[in-house]
Each structure stands twice: as C-alpha cells, then as structure tokens.
1. Checking residue 66 against (1) modelled with pLDDT under 90; (2) surrounded by 12 or more Cβ atoms within 10 Å (Cβ to Cβ), which test does it fail?
2. Please tell me if residue 42 is within 21 Å of residue 73 (Cα to Cα) and either in contact with a Ser or Thr (Cβ under 7 Å, 6 or more places away or on another chain) or among the hydroxyl-bearing types (Ser, Thr, Tyr) (or both).
3. Given (1) within 12 Å of the chain's Cα centre (by Cα); (2) surrounded by 19 or more Cβ atoms within 10 Å (Cβ to Cβ); (3) assigned to a helix (DSSP H, G or I), identify the lone condition not met by residue 54.
4. Test of understanding: among 4, 17, which residue is modelled with pLDDT under 95 and of a type in the set (S, T, N, Q)?
5. Surrounded by 13 or more Cβ atoms within 10 Å (Cβ to Cβ) and among the polar types (S, T, N, Q): does that describe residue 39?
6. Is there a residue being part of a strand (DSSP E or B) and under 15 Å from residue 71 (Cβ atoms) anywhere in the range 31-45?
Amino acid sequence: MLISNQIRAARGLLRWSARVLAEQAGIHLSTVQRMERFQGPVGGNVESVRRVQGALERAGVEFLAEDDSPGVRLTRLGGAADKVRAARARRALSAKDKSK
C-alpha cells in the first residue's frame, strides 16, 4: 500500500517536481497533486497509483514498510532520474547561452 507521504518523500530524494513525476508516470499533474494532498493510503485509480510507484521505482526509489513505518530510500541514482537531471542541465546551459 502506497502512502501519500512516501510519494512526496520519494520526489524529494529524486529532486523531482510533481510535474516531472506526472510526466515520468504518464499521468496528469492534477492526479499527482490529488494523490499527495491527503494523509494516509493513496486512493483513486489503481492504474494511476501503479504508474506513480513504477516511475519512482525505475528511478531508484525503494518503498519500505517495516513495522508499520512506511518510508522510502534511494537505492541507486539512474535511469529516469539521470535523464531528467541531464535534460535540466541542458536547458540551463541553453538558457545561459541565449542570455549572452
């Protein structure tokens, strides 16, 4: 069971905005925002929850549920997280070049 705090914590570890998570999961931004809005287990469309969890796991997040203490940890930095960071770096360089 995915908890809303886990989604926010996972995004924080990856330095992803809600928009980036939505893009990586293939869902609307408003869906991510709705999932994170409430405390406790994430409700709503099961497929959307599965997509969010899958996107975060592909980026290297591991979901923990030890002794009724849900959490997350970053097991590796790779895959989608690297691609997003590389795209951000390219945009920043491009913007810097245009300002010259």
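1. With (1) modelled with pLDDT under 90; (2) surrounded by 12 or more Cβ atoms within 10 Å (Cβ to Cβ) applied to residue 66, the lone miss is (2).
2. On the way: within 21 Å of residue 73 (Cα to Cα): yes; either in contact with a Ser or Thr (Cβ under 7 Å, 6 or more places away or on another chain) or among the hydroxyl-bearing types (Ser, Thr, Tyr) (or both): yes.
In short, yes.
3. Evaluating residue 54 over (1) within 12 Å of the chain's Cα centre (by Cα); (2) surrounded by 19 or more Cβ atoms within 10 Å (Cβ to Cβ); (3) assigned to a helix (DSSP H, G or I) leaves (2) as the failure.
4. Details: 17 fails: modelled with pLDDT under 95.
Sole residue among the options that is modelled with pLDDT under 95 and of a type in the set (S, T, N, Q): 4.
5. Numbers: surrounded by 13 or more Cβ atoms within 10 Å (Cβ to Cβ): no; among the polar types (S, T, N, Q): yes.
Answer is no for this residue.
6. Here is the first cut: in the range 31-45, the ones part of a strand (DSSP E or B) are 41.
Now drop any that are not under 15 Å from residue 71 (Cβ atoms), which leaves 41.
For the range 31-45, residues part of a strand (DSSP E or B) and under 15 Å from residue 71 (Cβ atoms): present.
Residues checked against (1) more than 21 Å from residue 40 (Cβ to Cβ); (2) modelled with pLDDT of 70 or more; (3) in a loop (DSSP other than H, G, I, E, B):
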| residue | (1), (2), (3) |
| --- | --- |
| 62 | no, yes, no |
| 73 | no, yes, no |
| 81 | yes, no, no |
| 85 | yes, no, no |
| 90 | yes, yes, no |
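The values are calculated or read from the model by the stated rules, or taken from the named source; none is laboratory data. Since the structure is predicted, the reported quantities are computational estimates derived from the model, not experimental observations. Cβ sites come from the backbone with ideal geometry, for glycine too, and all protein chains shown count toward neighbours.
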